[in-house]
Each structure stands twice: as C-alpha cells, then as structure tokens.
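Notes follow once the structure below has been shown.
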Amino acid sequence: MFLSFRGEDTRERFTSHLYTSLQNAGIDVFRDNNEIQPGEKISLSLFEAIGHSRIFIVVLSSNYANSSWCMQELEEIMKCRRRRGLVVIPVFYEVDPSEVRHQTGRFGDGFERLVSRISMRKDMIMTWKAMLLEIGGIAGFVFPNSR
C-alpha cells in the first residue's frame, strides 16, 4: 500500500496514526518521510514504490495541491489506477470533495499558489485539474475540520 499525503498538514495529527494502524493490521505500507523542497522532482524510488503498490490511500488536505511533489505522486497514482485498475482510496481531510473536484476553497487556493509559483505548461495544469476532478469524484472518507 502507498500512502500519499502533505506532511505539514497531516503527518502528526492523522497520517502517523493511520500508518501505525495499517502496520498493526499487518499491511505493508510505504510512506515517504522526507521533506521535499518546492519545485523538486519526484524521486525514482517513489515512482518505484508507487509502481509496486496495489492500493493507494491519498490524504487530500488543504495544502496537498500546493506541493508539486504531491501532485506528481498523485499523477503517477492515477495513471496506475487507469492502466492497471488499482484501488485508490481518497481521504478528504478537512476539505470537501467538491473543493478537490473544482479546486475551490482552501484547497483551490493551494493549487493556485502552486501554479503561480512554478512555471507550468498549460497542458500540465489541465492534466492536474482533470486528475483532481477524477479523484474528487471517487467515494472515499471525509474528515471535516474539527477545529
């Protein structure tokens, strides 16, 4: 299983507990604990881990789409879903699925910051928007803002 998440949003409050619970259930879970700087390319080891996984949990939080790293991971995950029919389970953590689908609210603000921060081709922006529309339409788990 591959766990995709934005560390600054969910690492300590949610993802670490999810990871521990999955491991305690005997599930082999890959999660990347390295902090990636904005604009860095996804590493080959992560592409390999994604390629070897059969199930993906994507924790979509308010700053998820503000990370080129997360967006590159998600792009590869969604390619695997389409090509190999693998399971993708979205977790909408303090964001509404419609915010992900339509890039609105705090989630949309994060995506817009990413687009304005790095130079992207129009086709890449459209690809990522389509990918967010797709994952936002998959039945998953919604954890509303508890603050």
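The values are calculated or read from the model by the stated rules, or taken from the named source; none is laboratory data. Quick caveat, the model's predicted, so the values are computed rather than measured. A quick note on method: Cβ atoms are made from the backbone with ideal geometry, for glycine too, and the neighbour counts reach across all protein chains shown.
Data table
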read-out	value
Filter result for ARG101 (basic (Lys, Arg) and touching a residue at least 60 places away in the same chain (Cβ under 8 Å))	no
Cβ-Cβ under 7 Å pairs, at least 6 apart or on other chains, the range 18-46 side on the phi > 0 side of the Ramachandran plot, far side part of a helix (DSSP H, G or I) and modelled with pLDDT of 75 or more	GLY39/SER68
Residue in the range 127-139 that is outside any helix (DSSP H, G or I), out of contact with any Ser or Thr (no Cβ under 9 Å at 6 or more places or on another chain), of a type in the set (Ser, Thr, Tyr) and at pLDDT below 95 present	no
Flag if SER98 is outside any loop (DSSP other than H, G, I, E, B), more than 11 Å from the chain's Cα centre (by Cα), of a type outside the set (Phe, Trp, Tyr) and at pLDDT below 95	no
Criterion: closer than 22 Å to PHE30 by Cα, surrounded by 19 or more Cβ atoms within 10 Å (Cβ to Cβ) and among the aromatic types (Phe, Trp, Tyr) - qualifying residue of PHE92, PHE111	PHE92
Unique residue being closer than 26 Å to ILE55 by Cα and loosely packed, with under 14 Cβ neighbours inside 10 Å when the list is ARG121, ARG84	ARG84
Residue match in the range 69-84 (condition: charged (D, E, K, R), touching a Ser or Thr at 6+ places or on another chain (Cβ under 9 Å) and in a loop (DSSP other than H, G, I, E, B))	no
Residue satisfying all of: in the range 5-63; touching a strand residue (DSSP E or B) at 6+ places or on another chain (Cβ under 9 Å) and of a type in the set (Phe, Trp, Tyr); modelled with the lowest pLDDT among these	PHE30
Residue list for the range 81-95, restricted to those being touching a Pro at 6+ places or on another chain (Cβ under 8 Å) and modelled with pLDDT under 95	GLU94
Residue in the range 54-72 that is surrounded by fewer than 17 Cβ atoms within 10 Å (Cβ to Cβ) and not polar (S, T, N, Q) present	yes
